[in-house]
Amino acid sequence: MLFTADHDEPRRALQKFIAAEINPFVDEWEKAEQFPSHELFKKLGDLGFLGLNKPVKFGGQGLDYSYALMMAEELGAIRCGGVPMAIGVQTDMATPALARFGSDEVRREFLAPAIAGDAVACVGVSEPGAGSDVASIKTSARSDGDDYVINGGKMWITNGVKADWICLLANTGDGPVHRNKSLICVPMKSRGVEVARKLDKMGMRSSDTAQIFFDNVRVPKRNRIGEEGKGFTYQMIQFQEERLWGAAACLKAHEFIIAETIEYTRNRKAFGGSILDNQIVHFKLAELQTEVELLRSLIYRAAEALVAGEDVTRLATMAKLKAGRLGRELTDACLQYWGGMGFMNETPVSRAYRDSRLTSIGGGADEVMLMVLCKMMGTLPGARQKQ
């Protein structure tokens with residue numbers, strides 16, 4: 001069993017926090033296109049939620065991954081996608097590789113403040129010409145004595161405007177593309193780091209997303225996470241937690257939209273009866289609720305395997321793929337039943353429609369998930385030829 005009675009207390013505490021400290025302000029933050037990340041993260045850090053499965057030595061709780069997954073699922077109750085995504089970047093995207101492979105020195109400098117909520121982190125992988133194709137990144141970190149000199153740029157960086165440091169993937173050598181990259185912790189106040197612009201997004205409006213340039217940015221080599229040249233491998237491992245987190249954060253968000261749609265269509269009248277009384281509507285909502293439960297089962301199975309120390313690449317990839325596809329189907333179907341009100345920005349289904357679209361893109365597009373699965377199944381043409 002993934003969750004036990006030990007999960008109940010932190011779950012209730014997080015539910016209380018979301019109800020009191022986040023949801024009352026979501027509409028305001030969405031209009032402002034940002035939220036007070038330092039303030040909110042500090043509160044979460046004080047409650048221990050930014051390091052549930054991180055080492056006790058650096059301020060974490062030292063718990064297994066099931067607690068991190070519980071948190072991801074509960075964050076789905078936040079009435080927008082931007083805020084939970086920003087929190088997830090801090091806990092499950094920018095810091096897992098650092099917690100697992102970083103030296104004590106670099107973990108003290110970057111991980112401990114992130115766990116405490118004293119620093120906001122972001123992760124720098126995607127570039128304008130290399131989104132899901134991680135191996136094609138061009139940002140370089142040239143060796144110069146005891147330092148790296150970084151040049152290049154990153155795109156679509158969540159938390160990038162306000163972040164204190166970035167977990168940066170850069171080329172540190174000229175060898176094969178899967179063995180020439182390293183992950184480096186770069187303070188955002190370093191000379192040569194420029195937040196070029198805050199990006200204007202279709203959805204996830206309350207999260208700040210940046211384009212960032214690096215112009216001869218000098219950082220000590222001690223800021224590198226783990227071994228030089230292992231960055232691609234570390235990032236691929238880190239992606240599994242990121243993808244599971246993204247899928248789990250969809251569950252309660254999807255259920256909320258189904259519940260809101262049931263309530264709205266029950267009260268909305270057309271042609272002498274409620275919209276909900278139409279068989280096509282209540283049957284479709286039942287099908288969608290079934291799909292959410294199936295997704296939950298897949299996510300829980302993957303999380304149980306991860307806790308047991310198993311490779312969950314296949315299951316996490318499937319969960320990420322299914323979460324993105326279901327988010328598109330579910331929000332589109334529900335929005336349709338809201339009629340004209342579904343097209344209004346003031347309704348929750350409209351926000352969900354915009355926000356959920358990112359799940360099929362961020363952290364690896366659907367097509368990349370399918371490539372990974374086909375490779376594992378032995379059906380990807382190029383991979384099959386190499387076997």
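Of note:
- Peptides ranked, highest mean first, by Cβ atoms within 10 Å: ranges 86-97, 324-335: 86-97, 324-335
- Amide H contacts of residue 119 (H built 1.01 Å from N, under 5 Å, at least 5 apart or other chain): 114
- Model label points for residue 336 and residue 227, set 7 angstrom from Cα along the Cα-to-Cβ axis, are 5.2 nm apart.
- For the range 115-154, the set of trypsin sites (Lys or Arg not before Pro) satisfying both a DSSP loop assignment and a count of at most 13 other C-beta atoms within 10 Å is given as 138.
- Simple spin-label estimate for residue 376 and residue 31 in nanometres, 7 Å along Cα-Cβ: 4.5
- Among 106, 56, 193, the largest mean-square fluctuation in a Gaussian network model of the chain, built with springs joining Cα atoms closer than 10 Å, belongs to 56.
- Extension gain, residue 11 to residue 266, is 88.7 nm, computed as 0.36 nm per intervening residue step minus the present C-alpha separation.
- In the context of the full set of protein chains, the chain has a per residue accessible area of 44 Å² (1.4 Å probe).
- On the chain, 52 percent of the accessible area sits on carbon and sulfur atoms, based on a 1.4 Å probe.
- Each residue of the range 180-192 was assigned a 3J(HN,Hα) from its phi angle through the Karplus curve 6.51 cos²θ - 1.76 cosθ + 1.60 (θ = phi - 60°); the sequence is 10, 10, 9, 9, 10, 7, 10, x, 6, 8, 4, 4, x Hz, with glycine and proline shown as x.
- Furthest towards positive pole of dipole, 353, 122, 152, structure part the chain, Cβ charges: 152
- At R0 = 25 Å, FRET efficiency that the Cβ-Cβ distance of residue 147 and residue 195 yields, to 0.05: 0.70
- Here the Karplus relation 6.51 cos²θ - 1.76 cosθ + 1.60, evaluated at θ = phi - 60°, turns the backbone of the range 323-331 into coupling constants of 4, x, 5, 5, x, 5, 5, 5, 5 Hz, with x for every Gly and Pro.
- A Förster radius of 45 Å combined with the Cβ-Cβ distance from residue 310 to residue 287 puts the calculated FRET efficiency at roughly 0.90.
- The chain, Rg to Rh (Cα coordinates; Rh as Kirkwood inverse mean 1/r): 0.98
- Distance (nanometres) between label positions extended 7 Å along Cα→Cβ at residue 274 and residue 215: 6.1
- Amide H contacts of residue 197 (H built 1.01 Å from N, under 5 Å, at least 5 apart or other chain): 211
- Placing R0 at 30 angstrom, the Cβ-Cβ distance between residue 4 and residue 43 gives a FRET efficiency of 0.70 after rounding to 0.05.
- Charged side chains reduced to their Cβ positions (Lys and Arg at +1, Asp and Glu at -1) give the range 122-228 a dipole of some 260 debye around its Cα centre.
The values are calculated or read from the model by the stated rules, or taken from the named source; none is laboratory data. From a predicted model like this one, the values you see are computed outputs, not experimental measurements. No Cβ is skipped: glycine too gets one built from the backbone with ideal geometry, and neighbour counts run over all protein chains shown. When the accessible area is computed, the model is the full protein with side chains, heavy atoms only, and any ligands, DNA or RNA have been set aside. Shrake-Rupley method; radii C 1.70, N 1.55, O 1.52, S 1.80 Å.
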